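> I have a structure I would like to understand better, so I am pasting it below and will then ask my questions one at a time.
Just so it is clear, none of the values below were taken in a lab; they were calculated from the coordinates. Remember, it's a predicted structure, so these values are computed and weren't measured experimentally. Using ideal geometry, Cβ is built from the backbone for each residue, glycine included, and neighbour counts are taken over all protein chains shown.
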Amino acid sequence: MANVSRHPGDLADHPDVSEMRDRYARMLGRPGAVAVDGLLLLAGLYVAISPWTVHFAAAETELARNNLIMGIAVAVIGLALTMVPERMAGLSAACAAIGVWLIVSPWVVTRHPDTGTVWNNVVAGAVICLLGLVAAAMATRASRQVPSVNT
């Protein structure tokens, strides 16, 4: 196989080196945001598996399905915020809304929820809402600090 590489390993002559350095500097400048995004991912995974770890009642299959879907949604948003934060910053507020939904969903989805499922959803929803608000505030602050590229 032929070696088609023009650069022997040094990126100093790469045409996008300044843009790459700026992006890495932005990423390294937000370690707290990465921690919040990672916690959102973990909280979403917990909500997704909580129907089976908290042992929801057999009558609460709709709530289990709701938690599975909302948990996967939060986990995907948390993963996306970690991987491409500049494109997904607007979705951090969606996590706050999902957190509020998780708080009220036991009474909306099932008429007479079990006490364990209520506590599970209220605590997990509050954590996700708080993390979503923190991530949204960090994204808003970061967008104000980054100068506009439009000329």
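> Just wondering, is there one or more residues in region 125-141 that are surrounded by fewer than 13 Cβ atoms within 10 Å (Cβ to Cβ) and out of contact with any strand residue (DSSP E or B) (no Cβ under 8 Å at 6 or more places or on another chain)?
Here is the first cut: in region 125-141, the ones surrounded by fewer than 13 Cβ atoms within 10 Å (Cβ to Cβ) are 141.
The next check asks that each one be out of contact with any strand residue (DSSP E or B) (no Cβ under 8 Å at 6 or more places or on another chain); those that pass are 141.
Among the residues of region 125-141, at least one is surrounded by fewer than 13 Cβ atoms within 10 Å (Cβ to Cβ) and out of contact with any strand residue (DSSP E or B) (no Cβ under 8 Å at 6 or more places or on another chain), which makes the answer yes.
> Could you figure out which of (1) within 10 Å of the chain's Cα centre (by Cα); (2) farther than 30 Å from residue 19 by Cβ; (3) touching a residue at least 60 places away in the same chain (Cβ under 8 Å) isn't true of residue 54?
The failed condition is (1).
> Filtering region 92-121 down to residues that are surrounded by 20 or more Cβ atoms within 10 Å (Cβ to Cβ) and aliphatic (A, V, I, L, M), which residue is farthest from residue 135 (Cα to Cα)?
Pass one, region 92-121, residues surrounded by 20 or more Cβ atoms within 10 Å (Cβ to Cβ): 92, 95, 98-99, 102, 105-106, 110, 113, 117, 120-121.
Narrowing further to those that are aliphatic (A, V, I, L, M): 98, 102.
Details: 98: 14, 102: 18 Å.
Out of the qualifying residues, it is 102.
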